[in-house]
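Since every read-out is calculated from the coordinates, none of them should be taken as a lab result. Quick caveat: nothing in here was measured; it's all calculated off a predicted structure. Backbone-built Cβ (ideal geometry, glycine too); neighbour counts: all protein chains shown.
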Amino acid sequence: MITESEGIVLKQVKTVGGRRMIVLLTKRFGKISAGTSIDEKGKNRSALALRPFTYGKYELYKNADNFHLNVGETIASHYGIGGDVDKYMAASYVMEFTEKLAVEGMVCTELFRLLSDFLDIIERRTKKFGILVIAYILKALKISGHAPILEACVRCGKREALNSIDIKEGGILCGECRNSANSNERLIYDVEFDIVNALRYLTDQPLHKLERLALDDATLESLWRIMKAYLSYHLEISGLKSEEFL
């Protein structure tokens, strides 16, 4: 069956005989892996549509649960992402993270729109790319049902004196619950209240409202340390190739 869908290129994998496997997050089918014989070094429209970060329209041959990519057409190349090393690494991390988070064949148009918006916005941004990455992660976790609990203490439900984050419990702690916890627990982070507020803000605000947001380096470092621990513990997402950019 010949079908088509808009999609975003998450990664490419070379296989035998000059073929490649293209991993796409598609609007119609969710995350899919599609084999193709299109020459990656070609300059026709199909070859250009298979480059990293490309948002395109793809003709696919679907046979049971397998896909073959016949033709691609670029909608947005996001070519500007490659002009800055830090920007490129930030966007690469998001693609790796999304490929790990998305479930094969599970349609999620909300995640698709989020990734498309992220690529548009980071292409325009000129510095502090980590803010957008952390915001993307938080929003993607919310969409997928894995978001940390940030509105009340994850143990007792109190909304006051929230000053710690318990990675294992999956959310914030009030001072009383923090005091009763094991003081040697390595996955409990004591934080300033502005860190909790920053996590909430980055989760709740649309990405386009964060395009010019600036946070100091210390806050970014704290947020990233928390998010790395959370992703590793709850989703076993760690050690990604582009992780060191933050």
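Summary of values
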{"item": "Proximal aspartates and glutamates to LYS168, defined as alpha-carbon separation beneath 18 angstrom and excluding residues fewer than eight positions away on the same chain", "result": "GLU151, GLU176, GLU185, ASP190, GLU236"}
{"item": "Inter-centroid distance (Cα atoms) of the stretch 195-243 relative to the stretch 97-136, Å", "result": "13"}
{"item": "Cα-based helix-to-principal-axis angle, 85-101 vs the chain, degrees rounded to 10", "result": "90"}
{"item": "Computed helical MRE - 222 nm, the chain, DSSP H runs ≥ 4 contributing -39500 (n - 2.57), nearest 500", "result": "-11500 deg cm²/dmol"}
{"item": "Rounded tilt (10° steps) of 109-124 against the dominant C-alpha axis of the chain", "result": "90"}
{"item": "Summed side-chain charge close to HIS146 - residues other than HIS146 whose Cβ falls under 15 Å, Lys, Arg +1, Asp, Glu -1", "result": "+2"}
{"item": "Hull shadow area, averaged, the stretch 1-77 [alpha-carbon convex hull, nm²]", "result": "4.5"}
{"item": "C-alpha long axis of helix 217-235 to longest principal axis of the chain, angle in °", "result": "70"}
{"item": "Cα-based reach from LYS14 at 22 Å (exclusive), listing lysines while leaving out same-chain residues under 8 positions away", "result": "LYS31, LYS41, LYS43, LYS57, LYS62, LYS100, LYS241"}
{"item": "Counting DSSP beta bridges with both ends in the chain, the antiparallel % (nearest 5)", "result": "90"}
